[in-house]
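The values are calculated or read from the model by the stated rules, or taken from the named source; none is laboratory data. Note that the structure is a prediction, hence the values are computed from the model and not measured. Here the Cβ positions follow ideal geometry from the backbone for every residue, glycine too, while neighbour counts run over all protein chains shown. The accessibility values were calculated without ligands, DNA or RNA, using every heavy atom of the protein model including side chains. Shrake-Rupley method; radii C 1.70, N 1.55, O 1.52, S 1.80 Å.
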Amino acid sequence: MDIKPIPVPAQGTTLGWQLDQPYRAKHLLWLLLVLAVLLFTGHRTEMDKMVVLTGQAVGNLVGLNDESQVVRGLSRVGQSMWPPAFGTEEEVARLTNLDRNNLPFLATIETHEKVEQHLNIDTLQMEESREKVELLVKPLGYVWTVFIKMLETIEIAIWGTLFSVVLSIPLAWYAARNYSYNKFTYTLARGTISLLRSMPELIVALFLVLAYGFGPIAGVLALGLHAAGFLGKFYAEDIENADKKPQEALEAIGAGKVKTLWYGVMPQVVPQYIAYTLYILDRNVRMATVIGLVGAGGIGQELKGRFDMFQYDHVATILIAIFIVVFLLDQFSARLRAKLI
Amino acid sequence: MIEFQQISKKWPDGTLALADVNVRIPKGQFCVILGPSGAGKSTLLRTVNGLTQTTNGQISIEGVTLTPASAKTLRRRVAMIHQHFNLTLRMSVAANVLAGLLPVVSTGRAILGWFEPAHRAKACALLARVGLDSKHLLRRAGELSGGQQQRVGVARAFMLDPEVVLADEPVASLDPKISREILSLIRDAARERNATVLCSLHQVDLAREFGDRIVGMRDGKIVFDGTPEEFTDERVEALYHGAQWEDQPAVETEDLYNDALQPQLVAA
Ligand SMILES: Nc1ncnc2c1ncn2[C@@H]1O[C@H](COP(=O)(O)OP(=O)(O)OP(=O)(O)O)[C@@H](O)[C@H]1O
Ligand SMILES: [Mg+2]
């Protein structure tokens, strides 16, 4: 068979066209404008100073520069943080019901000589007085305290997550355009979600501490309210974006909204819902370590107390604990996600 | 029996999808609707169960007039089989079939998935009837082939023993052999229940083979209504090409193809 080549260019076609160019002269103008704005805001956010200080710090570390404010500050804190505090010491005399024959786990009683200097009023001389003090030493006493506080933190996160899930289910239902009863309920639900999402946990916790007092209640509620906004939004959007075909099939036979949602939508969205909820749990654990700073329970409260008393070695222990928990949590949620989806 | 009386449908964008349709489909008839794309076949079917609201006219099913108030109860008596099967793909085959019973199952039981033994037995029986082995029962619907999915769709449609079955291009994406099988299933299951079938198709041979009656639509109007024997090849030509000959001279289309389109197609 005879195959004729296709004439290129074909008759009547022109080559006077081009694909859209990705950049033009006006883009350069935009670039200059953006640079100007960045320079302006960079000065306002002290980015120039940051560069200078960091440069000094690097110079100091490599020995070019003998003075650096940053290195000095950091090394002072670093020195007082190291070594982290693991144990506790308590004066036995102050412990009212200590059973000497049955000491707590790993605890020992050590005797220390306490030297005190004081002024003798008669001789007007400094005198030393020596006193024997018995101390109950628990080598892992502080680790235990941190562990208990961390447990409380995780509990706050779990309850906060639970609270947010329960709250976000009705929110999601009303905030899904295709399942809300009417425009009013839709707008109301969307408004509530925006409100909840716009309030940072820390600020909410601050107010809730005023209402419920110091402790975990404020923490749980603060985490739960904020996360309910997040989950409500994402749950609702998944409902809206779910494949319409099965829903239409159920609507066609008159299955009703709730049953249509359960059989036509839920199976599609559940894997995503689990992913969102895991993310919220993860986020809540991290946030729960922080909201204690304003007195809403958990490890943050301990952290704040130690920080205010300049006990940076204790702070170090707490930071290590937070790192370990977040690391374990990452591993856990990655594994769970892989299994469920 | 389905009766369309002076049905029209105008979409908000001004498209007149149905223009004064008057048809009466007696009980137990397998009525095939043919017509080019955009003729209004889907729109007509969807008015029967109220998925699409009519602009004008009246529909009655077994003597009951379709109104917003009666739609809820009427829908239970009208099943639908879809072109894209419309199964919940992440749900099991059994759950998809049982979902056909949702209108008559309480919300609580539906959510818990507690279906009576009689219902579950019926689901199994129907799945066997449409030729799906019981080993597929707890498989995800999404794992099935298109033909198998449509079998599930047919089983779901017959769970409530409908009086009317609407099938919108039920075999559009299936091979000819499976298409025949699925249409036979629909026809036979409907016959067993003396149900009326309204089925839109794009394949003329299948329409002639399965239809007791063929209704041809164009531009929202019924332009043919008769038996398969009366639907001759000339009628087919007229149904699918009639207006194009009127609207545009055929030469122009050919020129367009040869001169402008062809080189571009090849170059692309
Ligand atoms: N939701 C809608 N909004 C606006 N116009 C619509 C809508 N659905 C259908 N139409 C229009 O109504 C007309 C009839 O469409 P319909 O889907 O009933 O055609 P059809 O005969 O089923 O075509 P096909 O064979 O391609 O399925 C078309 O012009 C279409 O564009
Ligand atoms: Mg259609």
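What to note about this one:
- Among A:168, A:180, A:68, residue whose mean-square fluctuation peaks in a GNM of chain A (springs only between Cα atoms under 10 Å): A:68
- Between residue B:71 and residue B:177, the simple label model (points 7 Å from Cα in the Cβ direction) yields a spacing of 4.3 nm.
- Taking only Cα atoms of the protein assembly as shown, radius of gyration then Dmax in Å: 37.9, 135
- A straight Cα-to-Cα reach below 16 Å connects residue A:114 with the aspartates and glutamates A:89, A:90, A:91, A:127, A:128, A:131, A:134, residues fewer than 8 places away in its own chain not being considered.
- Sites residue A:102 and residue A:320, calculated FRET efficiency, Cβ-Cβ separation with R0 30 Å, nearest 0.05: 0.45
- Residues in segment A:1-48 that, when all protein chains are in place, have 40 Å² or more less accessible area than the chain alone would give (probe 1.4 Å): A:6
- Dimensionless Rg ratio for segment B:2-261, taking C-alpha atoms and the 2.2 N^0.38 Å reference: 1.09
- Calculated over segment A:88-138: convex hull of Cα atoms, volume per residue (Å³): 85
- Whole-number percent relative contact order across segment A:142-340, with pairs defined as alpha carbons under 8 Å at least 6 apart: 29
- Per residue value of the accessible surface for the protein assembly as shown (all protein chains in place, 1.4 Å probe), Å²: 57
- For chain B, the longest site-free run once trypsin sites (Lys or Arg not before Pro) in DSSP loop states with at most 16 other Cβ atoms within 10 Å are removed: B:140-268
- Angle in degrees between helix A:266-291 and the longest Cα principal axis of chain A, rounded to the nearest 10: 30
- For residue A:85, the amide hydrogen comes within under 5 Å of the amide hydrogens of A:314, A:316, A:317, counting only partners 5 or more places away or on other chains and with H modelled in the peptide plane.
- Straight-distance crosslink candidates among lysines, where the alpha carbon sits under 18 Å from residue A:149 and sequence neighbours closer than 8 are dropped: A:138, A:304
- With 40 Å² as the minimum drop in accessible area between chain alone and full protein complex (1.4 Å probe), the qualifying residues in segment B:86-118 are B:86, B:88, B:90, B:91, B:102, B:103, B:107, B:111.
- The alpha-carbon of residue B:41 sits under 16 angstrom from the alpha-carbons of these lysines, leaving out residues fewer than 8 places away in its chain: B:9, B:10, B:221.
- Spacing of the two label points (7 Å from each Cα toward its C-beta) at residue A:194 and residue B:55, in nm: 3.6
- Chain A: relative contact order in percent, alpha carbon pairs under 8 Å with at least 6 residues between: 18
- FRET efficiency estimate (nearest 0.05) - Cβ-Cβ, residue A:310 to residue A:109, R0 22 angstrom: 0.20
- Here the Karplus relation 6.51 cos²θ - 1.76 cosθ + 1.60, evaluated at θ = phi - 60°, turns the backbone of segment B:199-207 into coupling constants of 10, 8, 9, 10, 9, 5, 4, 5, 4 Hz, with x for every Gly and Pro.
- Of the solvent-accessible surface of segment A:63-132, computed with a 1.4 Å probe over protein heavy atoms with every protein chain present, carbon and sulfur atoms account for 51 percent.
- Nearest-20 debye value, segment B:2-261 charge dipole, Cβ charges on Lys, Arg, Asp, Glu: 2000
- Value of relative contact order over chain B, rounded to a whole percent, pairs C-alpha under 8 Å and six or more apart: 26
- Net charge in the neighbourhood of residue A:197 (other residues with Cβ under 15 Å of its Cβ; Lys, Arg +1, Asp, Glu -1) is +1.
- GNM result for chain A, Cα springs below 10 Å: residue of A:167, A:196, A:31 fluctuating most strongly: A:31
- Per-residue 3J(HN,Hα) values for segment A:62-76, derived from phi via the Karplus relation 6.51 cos²θ - 1.76 cosθ + 1.60 with θ = phi - 60°, read 8, x, 8, 9, 9, 10, 8, 4, 5, 5, 4, x, 5, 5, 4 Hz in sequence order (x marks Gly and Pro).
- Pairwise FRET efficiency - residue A:19 versus residue B:134, Cβ, R0 = 41 Å, nearest 0.05: 0.15
- Dipole-positive endmost among A:29, B:124, B:241 within the protein assembly as shown (Cβ charges, Cα centre): B:124
- Stretch in chain A that is longest and holds no trypsin sites (Lys or Arg not before Pro) that DSSP places in a loop and that have at most 10 other beta carbons within 10 Å: A:101-341
- Inverting the pair-averaged 1/r between distinct Cα atoms of segment A:142-340 gives 18.2 Å as its Kirkwood hydrodynamic radius.
- Within segment B:166-239, GluC sites (Glu not before Pro) in DSSP loop having at most 10 other beta-carbon neighbours inside 10 Å: B:229
- Exposed-site-free run, longest, chain A (rule: GluC sites (Glu not before Pro); DSSP loop; at most 14 other C-beta within 10 Å): A:68-341
- Residues whose amide H comes within less than 5 Å of that of residue B:19, counting only those at least five positions distant or on another chain, are B:9, B:221 (H built at 1.01 Å from N in the peptide plane).
- Accessible surface buried once A binds B (1.4 Å probe; total of both sides; Å²): 2300
- Potential lengthening of the chain between residue A:93 and residue A:37 amounts to 13.6 nm, from the contour at 0.36 nm per residue minus the alpha-carbon distance.
- Carbon plus sulfur fraction of accessible area for segment A:176-308, probe 1.4 Å, in percent: 68
- Note on residue B:15 and residue A:275: their simple-model spin labels are 3.3 nm apart, each label 7 Å out from Cα toward Cβ.
- Net charge of Cβ neighbours under 11 Å - reference residue B:132; Lys, Arg +1; Asp, Glu -1: +3
- Note, ³J(HN,Hα) from phi for segment A:37-50, Karplus 6.51, -1.76, 1.60, rounded to Hz, x at Gly and Pro: 4, 5, 4, 4, 5, x, 5, 5, 8, 6, 5, 5, 4, 4
- Near residue A:174: Cβ cut-off under 15 Å, other residues only, Lys/Arg at +1 and Asp/Glu at -1. The net charge is +2.
- For segment B:113-197, the set of chymotrypsin sites (Phe, Trp or Tyr not before Pro) satisfying both a DSSP loop assignment and a count of at most 15 other C-beta atoms within 10 Å is given as B:114.
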